[in-house]
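The values are calculated or read from the model by the stated rules, or taken from the named source; none is laboratory data. Keep in mind that what you see is a predicted model, and the values were worked out from it rather than measured. Neighbour counts are summed over all protein chains in view; Cβ atoms, including those assigned to glycine, are modelled from backbone coordinates with ideal geometry. Only protein heavy atoms, including side chains, enter the accessible area calculation; ligands, DNA and RNA are left aside. Shrake-Rupley method; radii C 1.70, N 1.55, O 1.52, S 1.80 Å.
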Amino acid sequence: MLSLLAVWAPRLAAQGVAATAEVKAALVYNFLKFTEWPGDAAGPLVLCVVNPDRRTEAAFAAVHGRTIEQRAIQVRTLAAADSAARCHLLYIHDGGGRELQQLGAGQPALLTVGDRDNFVDAGGAIGLVELDGRMQFKVNLEVMRRGSYKVSAQLLKLAINNR
């Protein structure tokens, strides 16, 4: 699955902005797929998206209702002032440190993903970056170690700053 994503993501990114949003949604879906939340094996996986534009909202709508190991994915849209307490993964679209501090503070079970260049430096777990026309990602291993979740080693090997 990861190798298919590695081939698929660059091709979609070359198709334009709407496809870039789809690639980001596909990557986030795979982050959910390759993450375990110990002690939380029942109920839906809640993917929260902060302040999405129309393209991002449409791309993530395609993820809503899919399943991972018989757990349905629920996609919720949040404003920066909302609570992320019930989220498993928090995707911050075009945001950075301020949104991350407001929504992610004190929630070690929350896996945070963002698409700003400095997202992992600001304390996010996974940052999506576009390099040479390809969507890739960086990880903040220190943040991940503090988290109440386990990310697959195979997924971590694909990070551009974890080689």
>> Please go through the range 113-135 and give me each residue that is open to solvent by 10 Å² or more (accessible area, probe 1.4 Å) and not in a strand (DSSP E or B), ordered by number.
In response: 115, 116, 117, 118, 120, 121, 122, 123, 132, 133
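Listed residues 79, 72, 105, 85; which is at pLDDT 85 or above, open to solvent by 30 Å² or more (accessible area, probe 1.4 Å) and of a type outside the set (S, T, N, Q)? Before you say what the answer is, go through the steps one by one.
Values: 79 fails: at pLDDT 85 or above; 105 fails: at pLDDT 85 or above; 85 fails: at pLDDT 85 or above.
Testing whether each residue is at pLDDT 85 or above, open to solvent by 30 Å² or more (accessible area, probe 1.4 Å) and of a type outside the set (S, T, N, Q) leaves just 72.
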> What are the pairs, 6+ residues apart or on separate chains, where a residue within the range 136-163 that is at pLDDT 90 or above has its Cβ under 9 Å from a residue that is of a type outside the set (A, V, I, L, M, F, W, C) and in a helix (DSSP H, G or I)?
Replying inline: 152/33; 155/30; 155/33
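How many residues does the range 31-71 hold that are of a type in the set (Gly, Ala, Ser) and within 15 Å of the chain's Cα centre (by Cα)? Please lay out each step first, then the result.
First, pick out the residues of the range 31-71 that are of a type in the set (Gly, Ala, Ser): 39, 41-43, 58-59, 61-62, 65.
If we keep only those that are within 15 Å of the chain's Cα centre (by Cα) too, we end up with 59, 61-62.
Of the residues in that region, 3 qualify.
If a residue must be assigned to a loop (DSSP other than H, G, I, E, B) and within 20 Å of residue 22 (Cβ to Cβ), how many such residues does the range 53-95 contain? So that I can check it myself, show each step before the final result.
If we filter the range 53-95 for residues that are assigned to a loop (DSSP other than H, G, I, E, B), which is where we start, we get 53, 62-66, 69-70, 79-88, 93-95.
Still in the running and within 20 Å of residue 22 (Cβ to Cβ): 53, 62-66, 93-95.
Here the count works out to 9.
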> When you look at residue 90, is it open to solvent by less than 20 Å² (accessible area, probe 1.4 Å), at pLDDT 90 or above and farther than 14 Å from residue 126 by Cβ, yes or no?
Replying inline: no
